[in-house]
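The values are calculated or read from the model by the stated rules, or taken from the named source; none is laboratory data. Keep in mind that what you see is a predicted model, and the values were worked out from it rather than measured. All Cβ positions, even for glycine, are placed from backbone atoms using ideal geometry, and neighbour counts span all protein chains on display. The protein model used for the area step is the full one, side chains on, heavy atoms only, and it has no ligands, DNA or RNA in it. Shrake-Rupley method; radii C 1.70, N 1.55, O 1.52, S 1.80 Å.
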Amino acid sequence: MQESIFTKIVKGEIPCFKIAETNDFLAFLDVMPLRKGHTLVIPKNQVDYLYDLEDDVLSDLFIFSKKVAKKIESKISCKRIGVSVIGLEVPHAHIHLIPINSVADIDFSKPKLKLSSTELLEIADKINAT
């Protein structure tokens, strides 16, 4: 399997706006978000399809995602953190965590936000502030 863009991010070959990281998982801002704070959560080991992950990895990925969602929710004004798994855009298992106030906020057919690197950095800093 060819390396995905996410694997290149894990290796540090492509920069990201990091939200959280462990030895096994990485969470970073989506650079084409539906909403400010839209975060991608991935296993560092590239597996194409979420349900091809080993059970313990899948479980740990969702536990890590929960921690990331709570972190986002504490800094970005929203009613909930919406969760979506589509799995078609990048051949690397990933979860979308999206701050939402209504179901319409998680509609992937809507145009994505066009945020500058400065705006993304400000969002990442806000979420990461202690």
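Taking V41, V31, V47 and ordering them by how much accessible surface each has at a 1.4 Å probe, largest first, produces V31, V47, V41. Amide H contacts under 5 Å for V47: A93, restricted to partners 5 or more places along the chain or on a different chain, H placed in the peptide plane at 1.01 Å from N.
Residues F25, F108 ordered from highest to lowest accessible area at a 1.4 Å probe: F108, F25. For R80, the residues whose modelled amide H falls within less than 5 Å of its own, excluding neighbours fewer than 5 places apart on the same chain, are I100. Distance between the modelled labels on E54 and E3, one decimal in nanometres: 2.3 nm (7 Å Cα→Cβ projection). Taking a ≥ b ≥ c as the square roots of the eigenvalues of the Cα gyration tensor, the chain is classed as rounded, since a/c falls below 1.5.
The angle between the Cα long axis of helix 55-75 and the main principal axis of the chain comes to about 20°, on a 0 to 90 degree scale. Computed from backbone phi with θ = phi - 60° and the Karplus coefficients 6.51, -1.76 and 1.60, the 3J(HN,Hα) list for segment 18-25 is 6, 10, 7, 7, 10, 5, 10, 9 Hz; x is used for glycine and proline. Sequentially through segment 120-129, phi angles give Karplus couplings (6.51, -1.76, 1.60; θ = phi - 60°) of 5, 5, 4, 5, 4, 4, 4, 5, 7, 5 Hz, Gly and Pro residues having no value and appearing as x.
Dipole check for segment 1-102: with +1 at the C-beta of Lys and Arg, -1 at the C-beta of Asp and Glu, and the Cα centre as origin, the magnitude is about 800 Debye. Shape of segment 1-59 from the C-alpha gyration tensor: prolate (a/c of 1.5 or more and a/b above b/c, with a ≥ b ≥ c the square roots of its eigenvalues). Over the residues of the chain, the helix contribution to mean residue ellipticity at 222 nm works out to -9500 deg cm²/dmol, using -39500 (n - 2.57) for each DSSP H run of at least 4. In the chain, excluding the sites themselves, the longest stretch lacking any of the trypsin sites (Lys or Arg not before Pro) that are in a DSSP loop with at most 14 other Cβ atoms within 10 Å is 12-78. For segment 93-100, the Karplus equation 6.51 cos²θ - 1.76 cosθ + 1.60, evaluated at θ = phi - 60°, returns couplings of 3, 7, 10, 8, 10, 10, x, 10 Hz by residue, with Gly and Pro reported as x. For E119, what charge total do you get from the other residues with a beta carbon under 12 Å from its beta carbon, if Lys and Arg give +1 and Asp and Glu give -1? Around E119, the charge tally is +1.
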